[in-house]
Each structure stands twice: as C-alpha cells, then as structure tokens.
Amino acid sequence: MSVVVNKAEAGKMTVAKFGGTSVADYQAMLRCAQIIKNDTTNRVVVVSASAGVTNNLVRLSQENVSDAERSQLIADIARIQFAITEHLSCQQTLDIEINHILTTLTQCATQQSLNYTLQQSDEILGFGEQFSSRIFAQVLQSVGVNGQYFDVRQIMKTDSLFGKAQVELNELATLAKSLLTPLLDEQVIVTQGFIGSDAQGNTTTLGRGGSDYSAALLAEAIEANNLSIWTDVVGIFTTDPRITDQARSINEISFGEAAEMATFGAKILHPATLIPAMRQDIPVFVGSSKEPDAGGTRIQRQVDSNPTYRSIALRREQTLVTVKSPQMLHASGFLAKVFTVLAKHQLSVDLITTSEISVALTFDNPHGSTQALLTKAVVEELEQLCEVSVEHGLSLIAVIGNKIHGTKGVGSSIFDKVNDFNIRMICHGASNHNLCFLVPEADANQVVERLHDTLFTH
Ligand code: ASP
Ligand code: MG
C-alpha cells in the first residue's frame, strides 16, 4: 500500500498517547493506527512499552538476576514484540532492528548483574518504549499513514536523577521547536514516553507511568491544541469501576478537579500530566483505544457544570509517618527541620495534619516503583530530631468536587455514612476541590462503595 502524506490541518495539532495495553499486540496497535488515521490533527504519537515489557525490564534492571532468569525475561520480551512484527510486510527489516536492540539490552542486563548502577537501570528500563515506538511507526505505515520513528532523547533533556528525572523545560521547548516541529507538516512522528536523556546523553526515566507526562510535555513544547490519552477505559470514572458497578464515566471535568484526581486517584493519569496542560491551556481527552467511539472524558479549564461531588479516588499502600517532639510546644522551626530532611531525600509529602507537638504525614508508595521511598536513612535522620513512628496498610480516600470547603453539610454528608469505620487524618479545607482521609486498607473498598452510593446514586 502506498503511504499517504496526510498533511496537518492548518493550525491544529494533537499529541496522542497510547498506553501499554493499547500497544500490547498487533490488533491493539492496529486499532490505534486507525485512530491516528481518522483524525489528521494527530501529529505526534507517544507510546508506552507494550504491556508487560516494562515489568520485565524492571526485573532485569535489578541485582541478583540469574543467567537463566535473564534469558527468560528477554525471551518473553522478544516474544511479545515479534508477535506484532510478524503481521507486517516489513517484518524482515524491522526484525533486524528489533534483534539489534535485543542484543544491546542483553549486554546491558548482563553488565548490570556484574556491576549494578542506577544509570544502567534507566538504560535498561528505556528499551520497552524503543521497541514499541519503532514497531508502531511501521503499523502506521501499514495503514497508509506516514509514521516516522523519532528518538525523544534528542529533545527530552533531563537532569541525572535516574529513576525520577526532572525535565529541563526550556531546553525541551527550544529543541522541540528546532528538531520536532519542522517534521510535523508531512509526517506523523512516533516517539517514546517515559524516557529522556541527561546532559551526558545517558538515558533517564521520568518514573513509572511517566509516558502520560511525556506526552503532556511534548504537547506543551510544540504548542499543540489537544492532548489525547488513549488507554483501556472509556475515560475517567466517578470511582474505580472494579469497586462498584455504579461507577460511570465522567464527560467533562475541570483541570483543578482532574489534577486532584490524578494526584489522589486511581492512576488513570500520571499525576504530573496535567501540569503542562494547565500551563499551556491544552484540553486533554481520555478515552479507550478499544472503543474510540464510546466517548471519554474531556479535561479543560472551563466546564459546563461544577457539582459539589465529582468523584471518589482511592489510593492504596500509603505510608503514614508520625513525628512527635515535646520540644515543638511553643517552639518554632521544628516543621522546617522535618521538611528539610524530606526535601533532602526528594520525598514528596501528600497529606499533613498537625497537633501542638506532633505532625502526621503520608507518603505514596507506588506499586512497581523502582526505588524504596521512605528509606531507613530518612527515618534515622528524622529520629535525630524527634520520635518517629511509621505505619503501613492504609488507604487514602479523596472525595473530589467543587467548593468542597465552602459548602454546608459536606462533612456530615460524607462522614455520617461511614461512621462505623476508623477514619484518620481528615484533610479538609486546604483545597477547594477535595476532602480526604485515611482508612485501614481492609475497609477501603467498602468505604468507597458506601460513599459512592450516597453521593452519586441518590
Ligand atoms: N512503560 C512505563 C511504565 O510501565 C511508562 C508508561 O507506560 O507510562 O511505567
Ligand atoms: Mg499509564
């Protein structure tokens, strides 16, 4: 089939991001290719690694991987990728490229087992997106779209904080304008989420699930008018549909509410995704690549309705740290010292409550994270300042909506219905858009179900 040069519609550009399940196999990739073909405003495609690949790479990037396990993990990755390429007419040339990358991956992984480094860890994690982006560019070609592979590391410049690198925004903006934008008139660029490169050219990663954030940064850098995040669910739901079948997709939601949801939420979007979108006022669409016509959620500055209750988010595996110091009584500067320690270790705090002599803080403990967050070193350093207790096994529930702190009866609407549970760390008042609290992990589903029933179904 000849490749159509589908020109960009004047002045309109969409960055489309496909998550791991959307590029998991050939059929899934083909559906995504049709989505791109059907809307010529799609100019930049950002892909995650095919589902399962990053998890294997995470294992390969660790210490103590035996030769047998390493071979197995790499063979699994190869199987996933070759099962896609076998459907393509360019299979032969593409497989040469894939094999070449597999060889480099094998070398890196073997080296890692001999001499572990964080830098090498990121190098290894970055292979998944390199496979999927090369393959997806060819799938686009196979449906007649001029899809071209682009190595995002040329422009996604970061610091050298391997595992959670920070992007140098000015550099990205300048490099994107000179290296990426000129290509977009006649090509649909297919590039990698999740990875970047530091000043020395080493591969870095932006943290698990970071492809959404990459896509938003690219949308900002090329001044796109739209960002589409294609995933395996029809948008953002009022709560996790696995918890209650009453959950339903939300048509539209404001940036403010969605940012709270992403931070406290069911991990549909990487929490940082909306920051670039908000900065540049780019509407974000979240939809399912399996059912592109089934609608989805539009996230934008202005929305038609602003209900008090929009959704309930649940985040599991929270760590609660309570620091206590009798010296804090009538003293100043204690909180500053605690936060200096946390900042030094790059830990970000989610919720805080304080009493006169103690402070409780929560930290997220993301599943699949490549790094221990609250390390022994941090706890020991805090112990120099105060008594420290650490608790696990808690879930954070956030009720998200509008004017939450200025609406009468919010407290009783929420807490009356769940007064038979042990609720802790209620945070109400700092945000217009949310009220949140902790419950024991074992009660979390029940609390969400009951609140959803009260706040949304009646
Ligand atoms: N592939 C990476 C991950 O699984 C990044 C992403 O998919 O967003 O975390
Ligand atoms: Mg994701």
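Restricting attention to region 40-65, the residues that are assigned to a loop (DSSP other than H, G, I, E, B), at pLDDT 95 or above and open to solvent by 60 Å² or more (accessible area, probe 1.4 Å) add up to 1. Scanning region 179-232 for residues that are within 16 Å of ligand 2 (Cβ to nearest atom), in a helix (DSSP H, G or I) and among the hydroxyl-bearing types (Ser, Thr, Tyr) returns SER211, TYR213, SER214. Of all residue pairs spaced 6 or more apart or on separate chains, those with beta-carbon atoms under 6 Å, a first member in region 339-362 that is assigned to a helix (DSSP H, G or I) and a second member that is modelled with pLDDT of 90 or more are VAL341/GLU381; VAL341/LEU382. Has region 297-309 got at least one residue that is out of contact with any strand residue (DSSP E or B) (no Cβ under 8 Å at 6 or more places or on another chain), outside any loop (DSSP other than H, G, I, E, B), open to solvent by less than 80 Å² (accessible area, probe 1.4 Å) and on the phi < 0 side of the Ramachandran plot? No.
Identify all residues within region 38-96 that are out of contact with any Phe, Trp or Tyr (no Cβ under 9 Å at 6 or more places or on another chain) and within 16 Å of ligand 2 (Cβ to nearest atom); write none if there are none. The answer is ALA51, GLY52, ASN55, VAL58. I'd like the residue in region 122-160 that is open to solvent by 10 Å² or more (accessible area, probe 1.4 Å) and part of a helix (DSSP H, G or I) and, out of all such residues, is nearest to ligand 2 (Cβ to nearest atom). It comes out as GLN130. Does GLY235 qualify as being on the phi < 0 side of the Ramachandran plot and open to solvent by less than 10 Å² (accessible area, probe 1.4 Å)? No: the conditions fail for GLY235.
Taken together, LEU114, LEU118, LEU105 contain a single residue that is touching a Phe, Trp or Tyr at 6+ places or on another chain (Cβ under 6 Å) and open to solvent by 10 Å² or more (accessible area, probe 1.4 Å), which is LEU118. Look at VAL439 and say whether it is within 27 Å of the chain's Cα centre (by Cα), assigned to a helix (DSSP H, G or I) and surrounded by 13 or more Cβ atoms within 10 Å (Cβ to Cβ). So VAL439 does not fit the description; no. Of all residues assigned to region 265-288, at least one qualifies as being of a type in the set (Gly, Ala, Ser), crowded, with 22+ Cβ neighbours inside 10 Å and part of a strand (DSSP E or B). Restricting ILE189, ILE229 to those that are surrounded by 19 or more Cβ atoms within 10 Å (Cβ to Cβ) and within 16 Å of ligand 1 (Cβ to nearest atom) reduces the list to ILE229.
For region 259-290, which residues satisfy the criterion of being under 19 Å from HIS433 (Cα atoms), within 15 Å of ligand 2 (Cβ to nearest atom) and of a type outside the set (Val, Ile, Thr)? The answer is MET261, ALA262, GLY265, ALA266, LYS267, LEU269, HIS270, PRO271, ALA272, LEU274.
Taking each residue of region 66-81 that is under 17 Å from PHE131 (Cβ atoms) and aliphatic (A, V, I, L, M) and looking for partners that are at pLDDT 95 or above and open to solvent by 60 Å² or more (accessible area, probe 1.4 Å) with beta-carbon atoms closer than 9 Å, six or more apart or interchain, yields LEU73/ARG59; ALA78/ASN99; ILE80/ASP25.
Scan region 196-208 and tell me whether some residue there is over 19 Å from ASN42 (Cβ atoms), hydrophobic (A, V, I, L, M, F, W, C), more than 16 Å from ligand 1 (Cβ to nearest atom) and in contact (Cβ under 8 Å) with a residue 12 or more places away in the chain. Scanning region 196-208, I find at least one residue that is over 19 Å from ASN42 (Cβ atoms), hydrophobic (A, V, I, L, M, F, W, C), more than 16 Å from ligand 1 (Cβ to nearest atom) and in contact (Cβ under 8 Å) with a residue 12 or more places away in the chain, so the answer is yes. With respect to being among the β-branched types (Val, Ile, Thr) and surrounded by 16 or more Cβ atoms within 10 Å (Cβ to Cβ), VAL390 falls outside the description.
The values are calculated or read from the model by the stated rules, or taken from the named source; none is laboratory data. For clarity, every value in this text was computed on a predicted model and none was experimentally measured. FYI the Cβ positions are ideal-geometry reconstructions off the backbone, even for glycines, and counts take in every protein chain you see. Just so you know, the surface numbers come from the protein's heavy atoms only, side chains and all, with ligands and any DNA or RNA stripped out. Shrake-Rupley method; radii C 1.70, N 1.55, O 1.52, S 1.80 Å.
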